[in-house]
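Below is one structure, written out as structure tokens; comments come after it.
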Amino acid sequence: MSDFLAAAVQLTSGQDPELNFNAAEEQIDLAVRRGAELIGLPENFAFMGEDSRRLEMAAALAEQCSRFLVTMARRYQVALLGGGFPVPAGDGAQTLNRSELVDRDGQLLAQYDKIHLFDVDLPDGNTYRESATIKSGQAPPPVVEIPGLCRVGLSICYDVRFPELYRYLVASGADLLMIPAAFTAFTGKDHWDVLLQARAIENTAYVLAPAQTGVHYGRRQSHGHAMVIDPWGTVLADAGVQTGAAIAPVNTDHLSRVRNQMPSLRHRKPALF
């Protein structure tokens, strides 16, 4: 693991993939100009819209998203995470929600299909039923080394509420947890910061959390506040509610120092639970 700058991009994606790709490239370009070597795009970075349209476009979008990530990584010489995009599940009625991580040469390092699906009735009157049109992933999230940078563990949005997933990632060697999201405005105001900081603190790991922000379609509104958080739980960068990016250093010595000062990972009693 080496010292580098990581960027958590924040977008307001809509139902036009071309506009979304253009917006994503603009933020990638700006982040690279600021020195970022690892960039994360949020969940639904290429399409944020009605379920019926997502299902219709899934096959084309899956190809476009994978191609976009490879092209951007090579063009800007940066490791890049596409935080979640639709991939046909094979039945015509559902898609997978897949993230892909590529290195600066455009080589696919890892992919992950979101496991935990957001089926919730919120007090603000909004109802979410991801399982109606999204199929849960069946494989555990991967941990992979990004050459020259660090070992990262993948996850997506609602996964952040399941701490056992992150214990698994860190036990598998992750030093940085990637949590791209399209967190709702209603839940985000109370839970987003707390959950991200908890995942960083309890695992003494960096957290890179790209995010959606603003109003997308209908009543769908995202919380924003893309963040980079250090292993002590300190928010190093917060993108607020505007499009842009949270950019901050990931530091080898700081990670080791925190893990030595707060050796909670070594103090676990897994045989008891």
From GLN221, GLN197, residue being within 22 Å of PHE4 (Cα to Cα) and not basic (Lys, Arg) = GLN197
Residue selected from segment 169-199 under the condition assigned to a strand (DSSP E or B) and under 13 Å from the mean Cα position of the chain (by Cα), by the criterion surrounded by the most Cβ atoms within 10 Å (Cβ to Cβ) = ALA181
Among (1) of a type outside the set (A, V, I, L, M); (2) part of a helix (DSSP H, G or I); (3) under 17 Å from ILE39 (Cβ atoms), which single condition is GLN212 missing?
-> (2)
Restricted to segment 101-139 and to residues being within 22 Å of ARG151 (Cα to Cα) and in contact with a helix residue (DSSP H, G or I) (Cβ under 6 Å, 6 or more places away or on another chain), the residue surrounded by the most Cβ atoms within 10 Å (Cβ to Cβ) is VAL102
Filter segment 1-33 for residues that are of a type in the set (Val, Ile, Thr) and either part of a helix (DSSP H, G or I) or more than 18 Å from ALA79 (Cβ to Cβ) (or both) and give the result.
-> THR12, ILE28, VAL32
Determine, yes or no, whether ARG53 is in a helix (DSSP H, G or I) and exposed (fewer than 14 other Cβ atoms within 10 Å of the Cβ).
-> yes
Filter segment 110-160 for residues that are of a type in the set (Ser, Thr, Tyr), in contact with a strand residue (DSSP E or B) (Cβ under 7 Å, 6 or more places away or on another chain) and not in a helix (DSSP H, G or I); which is farthest from ALA171 (Cα to Cα)?
-> THR127
Residue in segment 74-81 that is basic (Lys, Arg) and surrounded by fewer than 18 Cβ atoms within 10 Å (Cβ to Cβ) present = yes
Is there a residue in segment 43-58 that is under 15 Å from the mean Cα position of the chain (by Cα) and under 15 Å from GLY244 (Cβ atoms)?
-> yes
Considering only segment 67-82, state which residues are among the aliphatic types (A, V, I, L, M) and assigned to a helix (DSSP H, G or I).
-> LEU69, VAL70, MET72, ALA73
In the list TYR158, TYR166, which residue meets the criterion of being touching a helix residue (DSSP H, G or I) at 6+ places or on another chain (Cβ under 9 Å), closer than 21 Å to LEU38 by Cα, among the aromatic types (Phe, Trp, Tyr) and buried (at least 17 other Cβ atoms within 10 Å of the Cβ)?
-> TYR166
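Laboratory data are not the source of any read-out in this text; all were calculated from the coordinates shown. Quick caveat: nothing in here was measured; it's all calculated off a predicted structure. Cβ: placed from backbone, ideal geometry, glycine included. Neighbour counts: every protein chain shown.
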